[in-house]
């Protein structure tokens, strides 16, 4: 399906692995020029070569989002090169397995780092992206959260950070200055998504019985995959989602018990 995105520009954080890489690929296949952030030079180069082959412009930028200065400098590169972006996908995140189940034994620095990696960088980039979107009177800001950004569960630092992302999108969506300028803010809240080289693959190797039991308990009998998340993000990025604003869309195959 053609979503009418040809000629648009986008920034995807964490765009060289897992869900982020799938989003970059999906947007590029719609004719979107894509900037993407990653800490890995190797992954940036590989993604750059793959996406350039689709005939769109790319802007690979090495950035550790835990460093405020690097985030600010990355945006300067994008702004100087493209004058901002039409679509911002706040995808980078994580930290759900950081620390331990015993919060007393977990350094308090973990709370701050998880918050910055999720809500902090999403807030900072959203603010930086808005002026250009206001000038164009069009924009899409989409944040990849989690089912734990819609319901209680998981370790508290992760739960808090993901809820903060959801609140950020909802809060900005209710600002008439942005909404009436054609800018929308939405969250995509995935459940369990199988991504290589993550905690899920480690669990599958080290605790196969526990992993298989988890899979069998899922309504669909399987986990999600990055492309399924990317499909939804691409739709939200398009002109066809113009009335979708402030939504938090759960994408979990029926895994969670919430009514969202």
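What follows is calculated from the coordinates using simple rules that are stated; it is not laboratory data. Quantities reported herein were computed from a predicted structural model and do not represent experimental measurements. Every residue, glycine among them, receives a Cβ derived from its backbone with ideal geometry; neighbour counts consider all protein chains shown.
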Assuming a ≥ b ≥ c are the square roots of the Cα gyration tensor eigenvalues, decide whether the chain counts as rounded (a/c under 1.5), prolate (otherwise, with a/b larger than b/c) or oblate. rounded
Taking the beta-carbon count within 10 Å as an exposure proxy, list 135, 86 from fewest neighbours to most. 135, 86
What whole-number distance in Å separates the alpha-carbon centres of the stretch 1-18 and the stretch 65-94? 14 Å
Estimated [θ] at 222 nm from DSSP helical runs (n ≥ 4, -39500 (n - 2.57)) normalised by residues in the chain, nearest 500: -13500 deg cm²/dmol
Relative to the first principal axis of the alpha-carbon coordinates of the chain, what is the inclination of helix 156-173, with its axis defined by its Cα atoms, in degrees from 0 to 90 and to the nearest 10? 30 degrees
Acute angle (nearest 10 degrees) that the helix 226-237 long axis makes with the longest principal axis of the chain, alpha-carbon atoms: 40 degrees
Span from the the stretch 195-245 Cα centroid across to the the stretch 139-163 one, whole angstrom: 15 Å
Which angle from 0 to 90°, rounded to the nearest 10, does the C-alpha axis of helix 68-82 make with the longest principal axis of the chain? 40 degrees
